[in-house]
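K.L.:
My questions all concern the structure below.
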Amino acid sequence: CLFIAICIFMSFKSVVEACFQKNFFSFETILIFSYLYITLLIGFGMIYLICMQSNLTVLTESDVPVAGTYFEKLIMSMYFSAVTLFSVGYGDLVPIGIGRLLAVVEALIGYVLPAVFLARTFIGVEK
């Protein structure tokens, strides 16, 4: 989990560095934000998967803990991460226990990133 947190932190660092460039609204910046979203989606998905593989119940489907093969858990954790990050939240998978905290943090990041991008694009940095 520490390695995943470091990867997510480094992705945020690259976005912060990009935010202070003169030509912020560029193809490169859009790519950086896209990579950040992909990193967050995969990172949180892997955290959910690690928890499930460690016999911690973090996700339930119809009040039953998510079970199955490693590949099925991987697909479910990535799916849940995507719908949480993009704030869709269909309700077919429900976080419980520590999964609730992880989902709240991921959803908060998913809400804040577009606002930061738009604010930085239209307000800019005065020099």
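The values are calculated or read from the model by the stated rules, or taken from the named source; none is laboratory data. Note that the structure is a prediction, hence the values are computed from the model and not measured. So basically every Cβ, Gly included, is an ideal-geometry build from the backbone, and we count neighbours across all protein chains shown. Heads up: the accessible areas ignore ligands, DNA and RNA and are worked out on the full protein's heavy atoms, side chains in. Shrake-Rupley method; radii C 1.70, N 1.55, O 1.52, S 1.80 Å.
K.L.:
Mind checking the angle between helix 98-123 and the chain's longest principal axis? C-alpha axes, 0 to 90 degrees, to the nearest 10.
P.N.:
The angle comes out at about 20 degrees.
K.L.:
Hey, another quick one. Run the quick spin-label model on A67 and F12: label points 7 Å from Cα toward the beta carbon, then report their separation in nm to one decimal.
P.N.:
3.7
K.L.:
Ignoring ligands, DNA and RNA, what percent of the accessible area of the chain is carbon or sulfur (1.4 Å)? Please report the intermediate quantities before stating the final value.
P.N.:
Numbers: 5580 of 7800 Å².
With neighbouring chains kept in place, the figure for the chain is 72 percent.
K.L.:
Go through V88, G110, F33 and say which Cα lies farthest out towards the positive end of the charge dipole of the chain; charges sit on Cβ, +1 for Lys and Arg, -1 for Asp and Glu.
P.N.:
F33
K.L.:
Tell me, what is the percent relative contact order of the chain, built from C-alpha pairs under 8 Å that lie six or more residues apart? Show your work: numbers first, answer last.
P.N.:
Numbers: 116 pairs, mean separation 31.6, N = 127.
Averaging sequence separation for qualifying contacts and normalising by length gives 25 percent for the chain.
K.L.:
Per-residue HN-Hα couplings for region 47-57, Karplus 6.51 cos²θ - 1.76 cosθ + 1.60 at θ = phi - 60°, whole Hz, x for Gly and Pro?
P.N.:
5, 4, 5, 4, 4, 5, 5, 8, 6, 9, 7
K.L.:
Another question, if that's okay. Given 10 Å bins starting at zero, what is the percent of C-alpha pairs of the chain in each, up to the one with the largest pair distance?
P.N.:
For the chain, the binned pair fractions read 13, 40, 28, 14, 5, 0 percent.
K.L.:
Nearest 20 debye, what's the magnitude of the dipole of the chain about its Cα centre given +1 on Lys and Arg Cβ and -1 on Asp and Glu Cβ? Could the numbers behind the result be given before it?
P.N.:
Details: 6 positive and 8 negative charges, 83 e Å.
In total the dipole reaches around 400 debye.
K.L.:
Can you tell me the 0 to 90 degree angle between the C-alpha axis of helix 70-85 and the longest principal axis of the chain, rounded to 10?
P.N.:
For 70-85 against the chain, the angle is about 40 degrees.
K.L.:
Near the amide H of T60, under 5 Å away, which other amide H atoms are found, from residues 5 or more places off or on another chain, if H is placed in the peptide plane?
P.N.:
Hits under the 5 Å cutoff: V66, V94, I96.
K.L.:
Still on this structure, please answer the following. Can you tell me which of A115, A67, A107 moves the most in a GNM of the chain? Springs connect C-alpha atoms under 10 Å apart.
P.N.:
A115
K.L.:
Compare F71, F86, F33 in a GNM of the chain, Cα atoms joined below 10 Å, and give the one with the largest fluctuation.
P.N.:
Result: F71 has the largest fluctuation of those listed.
K.L.:
Let me ask something else about it. Considering only V66, F3, S14, whose Cα is most displaced toward the positive end of the charge dipole of the chain, charges sitting on Cβ of Lys, Arg (+1) and Asp, Glu (-1)?
P.N.:
Value computed over the given set: S14.
K.L.:
Under 5 Å between amide H atoms, partner at least 5 residues away or on a different chain: which partners does G89 have, H built in plane at 1.01 Å?
P.N.:
Sorted by chain and number, the residues that satisfy this are T84.
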